[in-house]
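Accompanying notes for the structure given below.
The values are calculated or read from the model by the stated rules, or taken from the named source; none is laboratory data. Predicted model only: the values in this text are computed from it and were never measured. Glycine also receives a Cβ, built like all others from the backbone with ideal geometry; neighbour counts cover every protein chain displayed. Please note that ligands, DNA and RNA were not included when accessible areas were found on the heavy atoms of the full protein model with its side chains. Shrake-Rupley method; radii C 1.70, N 1.55, O 1.52, S 1.80 Å.
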Amino acid sequence: MPFDQEETATAAEGFRQGGGFGSEFVFEVEAAVALGNSERVHELIGDMHEADLGALLELLSHEARPRLVELMGSDFDFTALMEVGEATREDILEELPVETLVEGVRDLESDDAVAILETLEPEEQAEVLEALPAHERIVLRRSLDYPEDSAGRLMQTTLIAVPPFWTAGRVLDFFRETDAEILPDSFFEVFVVDPGYHLLGTVFLDALVRAKPSARLDEIMQADRRRVKATEDGAEAARLFERYNLVSVPVVDESERLVGVLTIDDIVDVIQEQASEEIKALGGVNPEEELTDDFWWIARSRFTWLFVNMLTAFITSSVLKSFQSQLEQMVALAVLGPIVAGQGGSSATQTMTVAVRALATRELTPANAWRIIFRELAIGAVNGAAFGLVTGLVAANWFQNVGLGPVMALAMFTNLVAGALGGIIVPLAFDRLKFDPAVSSGPFVTTITDVVGYGAFLTIASLWFHLN
């Protein structure tokens, strides 16, 4: 049954409240797109927020996505493409004609336009740029010349820059008299520059409004305003925002000339992307992987991690094989061994997760590394003693063998200490070697706890029970 306008609004509102789009609504959109019914498409999603529209695009089929954009025509907000995964964005852009791309890019903020352009193939990117007005083309090309993931790629180039001799009243008059299309969509500060466009300072809007109309900007500006270099990594800029609670920050080139501004909405995306990549990396998943990626690409990307884990599993198995005769003599050892290894692995994973995150946020540095290492060792020792006592009592009662108690307790203590040590030393080592600790640490830490867990347990048991 087709949706009426009230039901369409309800579907969108339901998504905003966290329920997601219902399958009936998605089917209705797909059907309208398949029929080429532009009027119906506008009825269904014409007033939808770009973030909700992006979420809807993720749910549509490969064929329906670019077709929906074409049916929406000039009413399609290309900002919605900033709300989808990179694979989905590429899927849509590669099917759109150059004319559509040009019109869409012209309506975007410079940072969003750069994100669209960098997704295109070089030939198509050049074709879109050539079709843009000269001043827009120059600005976008300059941004694209900066390194990938740098502040220069993330910044907006539409900003308010005025000379230091202007007064607060003159700036406010400038806001009122200037065409809204020329001003940024949203901004928090006015930048004060000299004739060479070197950044002298900034004036926040609240200070501007409170100042006397006759007050000169060089009298009320912040001359020591924090700034970032255009070539600086976006993740470093994000840490600046986090540390100093910023909502915007000017971007300058190597000569301290003002070239753009970073705003909090750009940085939130960077923080979310960085956190997502770290979580995926800890699970052995390619940071670039998305739900919409090609099946075979995902299978290949996951193969390497699984292969490394298989090799480390053989190392653990070789330890068990060296104690084959002892295991045959005492079956209880085969039953209890995985408990020791598993508990050590869990402890190591906790430490490793904290260490990797602390390295990413620069909370863990050479200055405090030894203090944190000793703290983790102490935590491992305390938990090792506690769980050693518990598992020792359980093992002794379970198998009615008093000797298993101290064996289990000592092995558990040893492995939890080893796990805590490995969980922090391995990420630190990889970070020092310039490898991503989130990607590289997991298999090695797991191998340490498995080898130490089984090795310590079986060695202690062999000595205690005189097994050969």
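Values computed for the structure shown
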quantity: Ellipsoid equivalent to region 171-233 - semi-axes via the Cα gyration tensor, in Å; calculated: 21, 17, 11
quantity: About the Cα centre, charge dipole magnitude for the chain (Lys/Arg +1, Asp/Glu -1 at Cβ), debye; calculated: 3800
quantity: Sites matching GluC sites (Glu not before Pro) across region 122-202 that sit in DSSP coil, with at most 12 neighbouring C-beta atoms within 10 Å; calculated: 148, 181
quantity: Reciprocal of mean inverse Cα separation for the chain (Kirkwood radius, Å); calculated: 26.9
quantity: Positive-pole candidate from 138, 44, 250, dipole of the chain, charges at beta carbon; calculated: 250
quantity: Surface share of carbon and sulfur [accessible, 1.4 angstrom probe, percent] for the chain; calculated: 58
quantity: Residue order for 393, 377 - accessible surface, 1.4 angstrom probe, largest first; calculated: 393, 377
quantity: The chain: DSSP helices with Cα axial extent of at least 20 Å and average Kyte-Doolittle hydropathy no lower than 0.0; calculated: 264-282, 295-322, 331-360, 369-398, 404-432, 437-465
quantity: Values of log10 I(q)/I(0), in the order q = 0.25 Å⁻¹, for region 398-443 under a Debye, Cα-only, solvent-free model; calculated: -0.83
quantity: List 253, 233, 145, ordered by accessible area with a 1.4 Å probe, largest first; calculated: 145, 233, 253
quantity: Sum of -39500 (n - 2.57) over DSSP H runs of 4+, divided by residues of the chain (222 nm, nearest 500); calculated: -21000 deg cm²/dmol
quantity: Stretch gain in nm, segment residue 390-residue 377, where the contour uses 0.36 nm per residue and the Cα spacing is subtracted; calculated: 2.7 nm
quantity: Gained length - residue 75 relative to residue 302, 0.36 nm times residue gap less alpha-carbon distance; calculated: 77.7 nm
quantity: Peptide ranges 68-79, 204-215 listed from the most packed, as the mean C-beta count within 10 angstrom indicates; calculated: 68-79, 204-215
quantity: Residue (of 71, 335, 272) at the positive-pole extreme of the chain, dipole from beta-carbon charges; calculated: 335
quantity: Positive dipole terminus of the chain, leading residue within 295, 435, 393 (C-beta point charges); calculated: 393
quantity: Translational diffusion of region 76-123, µm² s⁻¹ [Kirkwood Rh, Cα pairs; Stokes-Einstein; 10 °C; 1.306 mPa s]; calculated: 148
quantity: Relative frequency of Cα-Cα separations exceeding 21 Å in region 342-422, percent; calculated: 36
quantity: Value of relative contact order over the chain, rounded to a whole percent, pairs C-alpha under 8 Å and six or more apart; calculated: 10
quantity: Where the chain is the region considered: accessible area per residue in Å², 1.4 Å probe; calculated: 52
quantity: Within straight-line cross-link reach of residue 229, lysines at Cα separation under 30 Å, skipping those fewer than 8 residues along the same chain; calculated: 280, 434
quantity: Segment residue 244-residue 24, length gained on full extension (0.36 nm per residue, minus Cα span); calculated: 74.6 nm
